[in-house]
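Student: Can you read through this structure? Questions will come right after.
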Amino acid sequence: MNRIYMDHNATTPVDPEVRGAMWPFYEQEWGNASSIHWAGKAPIDAIDTAREAVCSLINARPRDLFFTSGGTESDNSALLGVAFALKERGRHLVTSAIEHKAILDTADCLESLHGFEVTRLGVDSKGRHDLDAFRASLRDDTVLVSVMLANNEIGNVNPIRAMAEIAHERGILVHCDAVNALGKVPIDVEEMGVDLLSISAHKIYGPKGAGALYVRKKTPFEPLIRGGGQERGRRCGTYNTVGIVGFGKAAELCAEQMASGSNAAVASLRDRLEEGLLERVGDVEINGDPSSRLPNTTNLSFSGVDGEGLVLNLDLKGIAISTGSACTSGSLDPSHVLVALDKDPVWLEAAIRFSLGQSNTEEQVDHVIDVVATEVARLRQIQQSASA
Ligand SMILES: Cc1ncc(COP(=O)(O)O)c(C=O)c1O
């Protein structure tokens, strides 16, 4: 069997239609979208169209969304932008221990360089938030809450709407990192009640290096990147027309696919994979909360097996999966998300993530079950002989 890709939470392949939409902006319409002469006309029109498509996917007003270089920049801008704007009102931020590093490292920076205090909420053994603990963490000097919609490693979908309501009762702004939720669960900024929301194109079959930040009207915000006044001064720099056009096309296709039930199809493949693995491989634990989870994700620990070793062995067989976040892979430290779930070390180092997507098939799923079952048995045997 050819190569199989089951790491869609790390990134997705660029859809051929997205590529097709982007190409003219390399070839003919290469003008600067801010130019007032003929060369800027098609690029700025295409950016406007893309903005409408992206906004329609999250039910935002086009004026309230600006494009960035990706989810990491959106997360950095959200935290620093609000913190700097409100630093005279208060210097306390609430986030959670299972956020992406783009949030956690930015929160660390606010703490170490800018005199903020950060509360990092813990989660239970399934990665769930406790709303009472959340309520109790809010203080008079809290200016921002940042909690992700869906966790990229274990797939948990968090109760953002309830959290936003609690925060707003205290007049506190809410940012949501929806980078890995986009396209997998419906997102509506009005219904969620969030003030800021980060998204990224490459998680929805768009190009890498294109993202966006939604900032609700009247939200106090200091721009992170200053310069030529683009994006109404909120994110300066010459427009990445090609990337933005690709993001817009990906958003348009994503809306169509969601409406046609693509996520239910991916969920049934994920369930087939999970059930197959639980049946064929003994001593497996599901990490996270299966009752509130992204449709494409399963994070499993196979006891007695080193997760990193299993990933490398499956790679040799053409199967791409991961132990967790691609952004921190290569590090020998266990996943900070699984550490927050307080996993026993046996399960912690044995965890791997399968994240499925549009191109996966039942045949691929069955093949992966076979290969994983064989490899886990082999690795367990090696482990046993080594410790005998
Ligand atoms: C939850 C989450 N936030 C932020 C990011 C960073 O996004 P980007 O890769 O577009 O910088 C990722 C990427 O994996 C993510 O999963």
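The values are calculated or read from the model by the stated rules, or taken from the named source; none is laboratory data. Note that this is a predicted model, so its numbers are computed, not measured. Glycine also receives a Cβ, built like all others from the backbone with ideal geometry; neighbour counts cover every protein chain displayed.
Student: Please count how many residues of region 273-303 are farther than 22 Å from LYS203 by Cβ, surrounded by fewer than 17 Cβ atoms within 10 Å (Cβ to Cβ) and either touching a residue at least 60 places away in the same chain (Cβ under 8 Å) or not assigned by TED's automatic domain parsing to the domain that holds ILE382 (or both).
Tutor: The number of residues fulfilling the criteria is 2.
Student: Looking at region 128-135, is at least one residue more than 16 Å from the chain's Cα centre (by Cα), more than 12 Å from the ligand (Cβ to nearest atom) and closer than 26 Å to SER322 by Cβ? Write out each step before concluding.
Tutor: Step one: filter region 128-135 for residues more than 16 Å from the chain's Cα centre (by Cα), giving 128-135.
So of that shortlist, the ones also more than 12 Å from the ligand (Cβ to nearest atom) come out as 128-135.
Okay, now just the ones that are also closer than 26 Å to SER322 by Cβ, so 128-129.
So far as region 128-135 goes, yes, one or more of its residues are more than 16 Å from the chain's Cα centre (by Cα), more than 12 Å from the ligand (Cβ to nearest atom) and closer than 26 Å to SER322 by Cβ.
Student: What are the residues in region 127-160 that are more than 19 Å from THR106 (Cβ to Cβ) and surrounded by fewer than 16 Cβ atoms within 10 Å (Cβ to Cβ), if any?
Tutor: Result: ASP130, LEU131, ASP132, ALA133, ARG135, ALA136, ARG139, ASP140.
Student: Kindly indicate whether LEU104 is away from the ligand (no atom under 16 Å from the Cβ), in a helix (DSSP H, G or I) and surrounded by 14 or more Cβ atoms within 10 Å (Cβ to Cβ).
Tutor: Numbers: away from the ligand (no atom under 16 Å from the Cβ): no; in a helix (DSSP H, G or I): yes; surrounded by 14 or more Cβ atoms within 10 Å (Cβ to Cβ): yes.
Taking the combined requirement at face value, the residue does not satisfy it.
Student: Identify all residues within region 168-206 that are buried (at least 24 other Cβ atoms within 10 Å of the Cβ), of a type outside the set (A, V, I, L, M) and more than 15 Å from ILE103 (Cα to Cα); write none if there are none.
Tutor: GLY183, LYS184, ASP195, LYS203, TYR205, GLY206, listed by residue number.
Student: Can you name the number of the only condition in (1) under 16 Å from GLN230 (Cβ atoms); (2) among the polar types (S, T, N, Q); (3) surrounded by 15 or more Cβ atoms within 10 Å (Cβ to Cβ) that THR72 fails?
Tutor: THR72 satisfies every listed condition except (1).
Student: Would you check if there is a residue in region 327-335 being in the same structural domain as ASP289 (by TED's automatic domain parsing), in a helix (DSSP H, G or I) and surrounded by fewer than 17 Cβ atoms within 10 Å (Cβ to Cβ)? Spell out the reasoning first.
Tutor: We begin by selecting, within region 327-335, every residue in the same structural domain as ASP289 (by TED's automatic domain parsing); these are 327-335.
Now narrow it down to the ones that are in a helix (DSSP H, G or I): 327-328.
Right, trim to surrounded by fewer than 17 Cβ atoms within 10 Å (Cβ to Cβ) and you get 327-328.
Looking through region 327-335, at least one residue is in the same structural domain as ASP289 (by TED's automatic domain parsing), in a helix (DSSP H, G or I) and surrounded by fewer than 17 Cβ atoms within 10 Å (Cβ to Cβ).
Student: Hey, LEU312 hits all of (1) closer than 24 Å to PRO13 by Cα; (2) at pLDDT 95 or above; (3) under 22 Å from the mean Cα position of the chain (by Cα); (4) hydrophobic (A, V, I, L, M, F, W, C) but one; which does it fall short on?
Tutor: Failed condition: (3).
Student: State which residue is farthest from ALA164 (Cα to Cα) when the search covers only region 193-235 and only residues that are near the ligand (Cβ under 10 Å from one of its atoms) and basic (Lys, Arg).
Tutor: LYS208
Student: Looking only at region 165-175, decide whether some residue is within 12 Å of the ligand (Cβ to nearest atom) and out of contact with any Phe, Trp or Tyr (no Cβ under 8 Å at 6 or more places or on another chain).
Tutor: Of the residues in region 165-175, the ones within 12 Å of the ligand (Cβ to nearest atom) are 175.
Right, trim to out of contact with any Phe, Trp or Tyr (no Cβ under 8 Å at 6 or more places or on another chain) and you get 175.
Within region 165-175, one or more residues are within 12 Å of the ligand (Cβ to nearest atom) and out of contact with any Phe, Trp or Tyr (no Cβ under 8 Å at 6 or more places or on another chain).
Student: Now for a different question. Run VAL14 past the list (1) of a type in the set (A, V, I, L, M); (2) assigned to a helix (DSSP H, G or I); (3) in contact (Cβ under 8 Å) with a residue 60 or more places away in the chain; (4) over 30 Å from VAL143 (Cα atoms) and report the number of the one that doesn't hold.
Tutor: Only one criterion in (1) of a type in the set (A, V, I, L, M); (2) assigned to a helix (DSSP H, G or I); (3) in contact (Cβ under 8 Å) with a residue 60 or more places away in the chain; (4) over 30 Å from VAL143 (Cα atoms) is unmet by VAL14, namely (2).
Student: On to the next question. Could you list, in sequence order, the residues of region 88-101 that are more than 27 Å from GLY324 (Cβ to Cβ) and either in contact with a strand residue (DSSP E or B) (Cβ under 8 Å, 6 or more places away or on another chain) or buried (at least 18 other Cβ atoms within 10 Å of the Cβ) (or both)? Working first, answer last.
Tutor: Filtering region 88-101 down to residues more than 27 Å from GLY324 (Cβ to Cβ) leaves 88-92.
Passing the criteria: ARG89, GLY90, ARG91, HIS92.
Student: For ARG270, all conditions in the list (1) outside any helix (DSSP H, G or I); (2) buried (at least 20 other Cβ atoms within 10 Å of the Cβ); (3) of a type outside the set (Ser, Thr, Tyr) hold save one; what is the number of the exception?
Tutor: (1)
Student: Right, next: For region 107-125, enumerate the residues that are more than 16 Å from the ligand (Cβ to nearest atom) and either in the same structural domain as ASN287 (by TED's automatic domain parsing) or surrounded by fewer than 16 Cβ atoms within 10 Å (Cβ to Cβ) (or both).
Tutor: GLU111, SER112, LEU113, HIS114, GLY115, GLU117, GLY122, ASP124, SER125
Student: How about region 228-274: which of its residues are acidic (Asp, Glu) and within 22 Å of the chain's Cα centre (by Cα)?
Tutor: GLU252, GLU256, ASP271, GLU274
Student: Out of ALA85, ALA78, report the one residue that is within 27 Å of SER137 (Cβ to Cβ) and within 16 Å of the ligand (Cβ to nearest atom).
Tutor: On the way: ALA85 fails: within 16 Å of the ligand (Cβ to nearest atom).
After ruling out the rest, the residue left standing is ALA78.
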